Amino acid sequence: MEARVVRISIAPVKSLGLVHPDVIELEPHGIRGNRRFWLVDANGRLFNNKRNGPMVRIRPEWDEETLQLALTFPDGTRVEGTVELGDAVDAAMYEHPHPSRRVLGPWEQAISEFVGRRLTLLWAEQHAVDRGYRGGTVSLVSRGSLERLREEAAAGEPVDGRRLRMLLEIDGVPAHEEDDWLGSRVRVGEATILLNGDVGRCVVTSHDPDRGVTDLDTLGVLARYRREGRNEDLPFGVYGAVAVPGRVRVGDAVQPLQHRLLAAT
């Protein structure tokens, strides 16, 4: 069975709900508009799912061309409009400067009321990719790996890949085959990515992806069978950079190029 893309997940607003386009354009710095917005608290500290899991219940819609942002809340309330930007903010993400501007409009107040504390909504000038500072504008995990996690956890239902919040979910390879691709170029659709490292996991993976509450001890399971990775502890899935930009669609083939070259020789 040939490996293929089976789901694409992006987060227009970091830590809110995911959206699942059928086609994306991988650019040199990732996907335009992915994690375009992010939140900080009154101290300027990143506010994410680690601090409030149920934020994932807020569903975003974002158009990078028209600058239309809509947020739909669990009670059906919808807040929408055209994004306007305020002053630049001296902001840092994961201890790295992250040039951003404050977003003007109704979204900040609505999110603050939902989580019960005052937050500031920021526009990331260069998007807010989690591992961008380590050569990680693309992330990937296989359903074979998700099935292995289910087995190790003795879970009755499949592990939903959305809880890992990876850009690309693929099928057609054995469990953790993607680990063996580290350091390799991998063609995905019309694009080529260079895989640079494995993704160490946090408590967010233990959350139900629809409710944002803990329902699976992923960290305990990983500590038993995947404690150490090549780059990070408790690894699950891999990240990389865009080597050749191009279009990627659900259903596209995924081919590790170096592996193919070695097999041919």
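So the values come out like this:
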item: Projected area averaged over orientations for the chain, convex hull of C-alpha atoms, nm²; result: 14.2 nm²
item: Surface share of carbon and sulfur [accessible, 1.4 angstrom probe, percent] for the chain; result: 46 percent
item: Under-5 Å amide H pairs with residue 89, H placed in peptide plane, nonlocal only; result: 100, 101, 102
item: Rounded accessible area per residue of the chain, 1.4 Å, Å²; result: 46 Å²
item: Counting DSSP beta bridges with both ends in the chain, the antiparallel % (nearest 5); result: 95 percent
item: FRET E, pair residue 247, residue 117, Förster distance 45 Å, beta-carbon r, rounded to 0.05; result: 0.65
item: Semi-axis lengths, Å, the range 67-202, gyration tensor of Cα atoms, sqrt of 5 times eigenvalues; result: 34, 21, 14
item: Dimensionless Rg/Rh of the range 135-238 - Kirkwood Rh, Rg from C-alpha atoms; result: 0.95
item: Protection proxy ranking, peptides 147-154, 46-53, 86-93, average beta carbon neighbours within 10 Å, highest first; result: 46-53, 147-154, 86-93
item: Under the Karplus curve 6.51 cos²θ - 1.76 cosθ + 1.60, θ = phi - 60°, whole-Hz ³J(HN,Hα) for the range 232-238, x wherever Gly or Pro sits; result: 9, 6, 6, x, 7, x, 9
item: Cα-derived Rg to Rh of the range 1-102, Kirkwood definition; result: 0.99
item: Heavy atoms of residue 82 accessible to a 1.4 Å probe, total area in Å² rounded to 10; result: 70 Å²
item: Local net charge near residue 51, Cβ-Cβ under 11 Å (Lys/Arg +1, Asp/Glu -1); result: +2
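The values are calculated or read from the model by the stated rules, or taken from the named source; none is laboratory data. Here the structure is a predicted model, which is why all the values come from computation and not from measurement. Quick reminder, even Gly has a Cβ in these numbers, built from the backbone with ideal geometry, and neighbours come from all protein chains shown. Remember, those area values only see protein heavy atoms, side chains included, never the ligands or the DNA or RNA. Shrake-Rupley method; radii C 1.70, N 1.55, O 1.52, S 1.80 Å.
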